Amino acid sequence: DGRTFIAIKPDGVQRGLISEIVSRFERKGFKLVAIKVVIPSKEFAKKHYHDLSERPFFNGLCDFLSSGPVLAMVWEGEGVIRYGRKLIGATDPQKSEPGTIRGDLAVVVGRNIIHGSDGPRPQRMKSTYGLNQRSWL
Ligand code: ATP
Ligand code: MG
């Protein structure tokens, strides 16, 4: 439970929210252990969100994730998988509490600026984002 994958999506990067978001994780006390800018291919986006492949918004979601630079990160700290998602807030920014990243900085579910893993990432995901095993150590 000590490390998690977090990504600032293309809308968050384009809106200039990198430092705002990174500083919220830093101020909480989590440690940044890997960071990289990537533009995911459409194929990679489909793998990232394959759990949602039956949903009507899947194609648009994958187009969006692959539409520009994403800031891929690994954060470390006790309880970071669960607590990182608390910092992020609910999936739909209309339902995110004020004080959360999505609650304070986003309005619509299709542009919710940040991704947080809900569990430990499979190795293939880490390596495809370019956050190789060594950078996790
Ligand atoms: P993420 O995985 O991006 O951190 P999440 O875990 O809060 O988000 P998921 O259920 O995994 O939510 O959905 C993944 C993403 O799909 C959401 O972040 C959102 O961008 C998009 N999404 C979810 N529901 C909808 C919807 N009804 N319409 C459009 N996009 C949606
Ligand atoms: Mg999710």
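The values are calculated or read from the model by the stated rules, or taken from the named source; none is laboratory data. What you are looking at is a predicted structure, and each value in this text was computed from that prediction instead of being measured. Here the Cβ is made from the backbone with ideal geometry for all residues, glycine too, and neighbour counts use every protein chain on show.
From the list R15, R27, the lone residue that is in contact (Cβ under 8 Å) with a residue 60 or more places away in the chain and basic (K, R) is R15. Considering the stretch 1-22 alone, what residues qualify as being more than 14 Å from the chain's Cα centre (by Cα) and within 15 Å of R85 (Cα to Cα)? Listed by number, the residues that qualify are D1, G2. Any residue in the stretch 81-94 that is away from ligand 2 (no atom under 12 Å from the Cβ), free of Cβ contacts under 8 Å to residues at least 12 places away in the same chain and at negative phi? No.
Residues in the stretch 110-122 that are at pLDDT 95 or above and basic (K, R): R111 only.
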